[in-house]
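S.K.: Could you have a look at this structure, given as structure tokens, before my questions?
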Amino acid sequence: MRRFRRFLALPGLVVALAAGARPVAGADDPAADAVKAARDGDRAQALRLSEEAVKARPTSAVAWGVRGYALSTAGQKDEAAEAYAKAASLDPRNAFVRVNRGAVLIELARPAEALAVLDEAVAIDPRNARALNHRGVALERLGRLEEARAAYRAAIALAPRDPVPYNNLGALAFRRGVDAAASAHFAKALEVDPAFQPAAVNVALTMAAASSPSAGAQAEDAILAAAARPDASYKVKAKAKGVLGARAVRAADWPTAKARFLEQVSMDPEDAGALNDLAVAEDQLGEAREALNHLEAALELRGDDATLRNNMGVVHVHRGDYASAEAAFRQVLKEEPTFHRAWHNLGVVLGARGDRAGAALAFRRASDLAPTDASTLYNLALLAREAGGDRAAERAAYERALLIDPKLVEAHLALGTLLADPATPGPLRDPAKARVHLTRFLELAYADDVAGRKQATDWLAWLDATR
């Protein structure tokens, strides 16, 4: 009894954060020149000039704010947070640097600290729409979704021509399963600013998640094209790495998939979906400890996500730790009783632990929630066979499962064995079809499935010998 499914491509939409620095008067001012250099993409020049600015004016909040901006654009986020903190200490009424520090802390996956800083910014300037938007992002990272939604709407009310909060509201709606509202918010963001990349990429991501394979490929191509633009944000570039990782997954090229997802996570460490996908690749490569570490990191960002907890249970199974796996699946079902895949996985674990009655109950619950889940139908048929059930019904169950999922490898082996076995009642045996299914199993099975491959090979040899 087996068949576990890990989940790729959690809705990891691009959430936009806008941070910057006020230009400083005076064409020869190093701070003003540093801002210009940073905006022009000359990071080395921006860092040099911003360092000159703080050396020349060490008690200037503006200079330290510009230093934070230069460090942030250069990818030195920890140093940027410290520079913004210095600017805030020098100017207790400066909401601007607090907003920028909050944005950097969010990027550093420190949402609780970010929220405290952004609360200060809102207290100083209650009409600061950017502070409210960033506050929504921090709240969302902390799992406070209704408060996040209210913060995004407050930002929109103050800045209706800013595409950022519309985009973030759409990402939140998509995560909550309200696809129509998500599409409407993304469309509004693009209406406000047709060149706004995060919303365009999110439209493509939602298409890739919900459309036909051909439409999904077109959506992926759109993401790759957006990432190739000179002005592409790091989040858009990170999503492109995720697209390449997903394509490697579809080709079963797990080393390449892992490499691409690692790049995605290094570029955007607060993307829980990317961490999940990296864990899936590591699990496939037998790197269970690393997979668990990355799933735990994803749960720190998105603690209310049942899919992540389910995937942790799957990794525990592959480690042979059935007790931890059962605990993980039961925790998922306590929080989300209609998660049919967790019911299925719980059934597999209970069956492996010898609790056939418990496994049957779990599989039936999974089947009630998802009647067309092929792997659940297969496992119910296995349980029925072990209980001495009707062989005709067993054959029909395998055939139905394969009609739903022609690549359900275990069902090919089970059906091939049933059709070949001389103990099967005469009318149900079919050596020709048995060869088809056993051969298909060998085509689909993992190379390390030694027992299954030997079983299929032995039956094929027996069929050849008895022609």
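S.K.: Restricting to helices (runs of 4 or more DSSP H) lying wholly in region 352-464: which have 2 or more residues that are at pLDDT 90 or above and either of a type in the set (D, E, K, R) or not assigned by TED's automatic domain parsing to the domain that holds SER324 (or both)? Walk me through how you get there before you give the answer.
M.R.: Working: elements: 356-369, 374-386, 391-404, 409-420, 431-444.
Filter on region 352-464 gives 356-369, 391-404, 431-444.
S.K.: Moving to a separate point now. Assuming PRO406 fulfils every condition listed in (1) closer than 24 Å to TRP343 by Cβ; (2) touching a residue at least 12 places away in the same chain (Cβ under 8 Å) apart from one, which condition is it?
M.R.: All conditions pass for PRO406, except number (2).
S.K.: Under 8 Å by Cβ, and 6 or more places apart or on different chains, what pairs join a residue from region 242-255 that is farther than 20 Å from ALA227 by Cβ with one that is surrounded by 11 or more Cβ atoms within 10 Å (Cβ to Cβ)?
M.R.: TRP254/ALA248; TRP254/ALA281; TRP254/GLN284; TRP254/LEU285; PRO255/LEU285
S.K.: Can you tell me how many residues in region 194-224 are assigned to a loop (DSSP other than H, G, I, E, B) and either surrounded by fewer than 18 Cβ atoms within 10 Å (Cβ to Cβ) or modelled with pLDDT under 75 (or both)?
M.R.: Just the residues of region 194-224 that are assigned to a loop (DSSP other than H, G, I, E, B), to begin with: 194-196, 211-212.
The next check asks that each one be either surrounded by fewer than 18 Cβ atoms within 10 Å (Cβ to Cβ) or modelled with pLDDT under 75 (or both); those that pass are 194-195, 211-212.
Count: 4.
S.K.: Between residues in region 453-466 that are under 18 Å from GLU443 (Cβ atoms) and residues that are in a helix (DSSP H, G or I) and of a type in the set (D, E, K, R), which pairs lie under 7 Å by C-beta distance while being six or more apart or on different chains?
M.R.: So the pair list comes out as LEU460/ARG435; LEU463/ARG435.
S.K.: Every residue in region 343-385 that is surrounded by fewer than 17 Cβ atoms within 10 Å (Cβ to Cβ) and in contact with a Gly (Cβ under 9 Å, 6 or more places away or on another chain), please.
M.R.: GLY358, LEU361, ARG364, listed by residue number.
S.K.: Another one. Of all residues being of a type in the set (A, V, I, L, M, F, W, C) and within 13 Å of the chain's Cα centre (by Cα) in region 238-261, which is surrounded by the most Cβ atoms within 10 Å (Cβ to Cβ)? Just the residue, please.
M.R.: PHE261
S.K.: Shifting gears a bit: If you check PHE174 against the conditions, is it at pLDDT below 80 and part of a helix (DSSP H, G or I)? If you could, list the steps in order and put the result at the bottom.
M.R.: Values: at pLDDT below 80: yes; part of a helix (DSSP H, G or I): yes.
Answer is yes for this residue.
S.K.: Would you confirm whether or not region 344-366 contains a residue that is out of contact with any helix residue (DSSP H, G or I) (no Cβ under 7 Å at 6 or more places or on another chain) and more than 25 Å from ASP321 (Cα to Cα)?
M.R.: no
S.K.: Only one of (1) surrounded by fewer than 21 Cβ atoms within 10 Å (Cβ to Cβ); (2) closer than 26 Å to VAL137 by Cα fails for LEU278. Which number is that?
M.R.: Unmet for LEU278, out of (1) surrounded by fewer than 21 Cβ atoms within 10 Å (Cβ to Cβ); (2) closer than 26 Å to VAL137 by Cα: (1).
S.K.: Output the residue which, of all residues in region 151-163 that are among the small types (Gly, Ala, Ser) and buried (at least 17 other Cβ atoms within 10 Å of the Cβ), is nearest to the chain's Cα centre (by Cα). Outline the logic, then answer.
M.R.: Taking region 151-163 as the starting set, the residues that turn out to be among the small types (Gly, Ala, Ser) are 151, 154-155, 157, 159.
From what's left, buried (at least 17 other Cβ atoms within 10 Å of the Cβ): 151, 154-155, 159.
Details: ALA151: 24, ALA154: 28, ALA155: 26, ALA159: 30 Å.
Looking at residues that are among the small types (Gly, Ala, Ser) and buried (at least 17 other Cβ atoms within 10 Å of the Cβ), I get ALA151.
S.K.: Would you tally the residues in region 90-109 being closer than 18 Å to ALA131 by Cα and part of a helix (DSSP H, G or I)? Talk me through it step by step, then tell me what you get.
M.R.: Step one: of region 90-109, the residues closer than 18 Å to ALA131 by Cα are 91-109.
With the extra rule that they be part of a helix (DSSP H, G or I), the set shrinks to 95-107.
Residues flagged as closer than 18 Å to ALA131 by Cα and part of a helix (DSSP H, G or I) within region 90-109 amount to 13.
S.K.: Taking LEU333 as the residue in question, decide whether it is at pLDDT 90 or above, in contact with a Gly (Cβ under 7 Å, 6 or more places away or on another chain), in a helix (DSSP H, G or I) and surrounded by fewer than 24 Cβ atoms within 10 Å (Cβ to Cβ).
M.R.: Numbers: at pLDDT 90 or above: yes; in contact with a Gly (Cβ under 7 Å, 6 or more places away or on another chain): no; in a helix (DSSP H, G or I): yes; surrounded by fewer than 24 Cβ atoms within 10 Å (Cβ to Cβ): yes.
No, not satisfied.
S.K.: Further, regarding this structure: Kindly indicate whether VAL315 is in contact (Cβ under 8 Å) with a residue 12 or more places away in the chain, surrounded by 16 or more Cβ atoms within 10 Å (Cβ to Cβ) and closer than 21 Å to ARG176 by Cα. Talk me through it step by step, then tell me what you get.
M.R.: On the way: in contact (Cβ under 8 Å) with a residue 12 or more places away in the chain: yes; surrounded by 16 or more Cβ atoms within 10 Å (Cβ to Cβ): yes; closer than 21 Å to ARG176 by Cα: no.
Judged against the criteria, VAL315 is not a match.
S.K.: Mind counting the residues in region 48-93 that are aromatic (Phe, Trp, Tyr) and within 18 Å of ASP33 (Cα to Cα)? I'd like the intermediate steps shown before the answer.
M.R.: The initial filter retains those residues of region 48-93 that are aromatic (Phe, Trp, Tyr), namely 64, 69, 84.
Still in the list and also within 18 Å of ASP33 (Cα to Cα): 64, 69.
Of the residues in region 48-93, 2 are aromatic (Phe, Trp, Tyr) and within 18 Å of ASP33 (Cα to Cα).
S.K.: Counting only residues that are part of a helix (DSSP H, G or I), more than 24 Å from ALA123 (Cα to Cα) and of a type in the set (Gly, Ala, Ser), which one in region 58-89 is farthest from the chain's Cα centre (by Cα)?
M.R.: The selected residue is ALA70.
S.K.: I would also like to ask the following. Which residues, counting only those in region 110-150, are touching a Phe, Trp or Tyr at 6+ places or on another chain (Cβ under 6 Å) and either surrounded by fewer than 23 Cβ atoms within 10 Å (Cβ to Cβ) or part of a loop (DSSP other than H, G, I, E, B) (or both)?
M.R.: None; the set is empty.
S.K.: Could you list, in sequence order, all residues of region 226-263 that are farther than 10 Å from ALA281 by Cα, part of a loop (DSSP other than H, G, I, E, B) and modelled with pLDDT of 85 or more?
M.R.: ALA228, ALA251
S.K.: Could you please let me know if ASN345 is assigned to a helix (DSSP H, G or I), more than 17 Å from the chain's Cα centre (by Cα) and touching a residue at least 40 places away in the same chain (Cβ under 8 Å)?
M.R.: Details: assigned to a helix (DSSP H, G or I): yes; more than 17 Å from the chain's Cα centre (by Cα): yes; touching a residue at least 40 places away in the same chain (Cβ under 8 Å): yes.
Yes: the conditions hold for ASN345.
This table checks each residue for (1) under 22 Å from ALA114 (Cβ atoms); (2) among the charged types (D, E, K, R).
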{"residue": "ALA32", "(1), (2)": "no, no"}
{"residue": "ASP40", "(1), (2)": "no, yes"}
{"residue": "ARG43", "(1), (2)": "no, yes"}
{"residue": "LEU49", "(1), (2)": "no, no"}
{"residue": "THR59", "(1), (2)": "no, no"}
{"residue": "VAL66", "(1), (2)": "yes, no"}
{"residue": "ALA80", "(1), (2)": "yes, no"}
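The values are calculated or read from the model by the stated rules, or taken from the named source; none is laboratory data. Not measured: the values here are computed from a predicted model. Methodologically, a virtual Cβ is constructed for each residue, glycine included, from the backbone with ideal geometry; neighbour enumeration extends over all protein chains shown.
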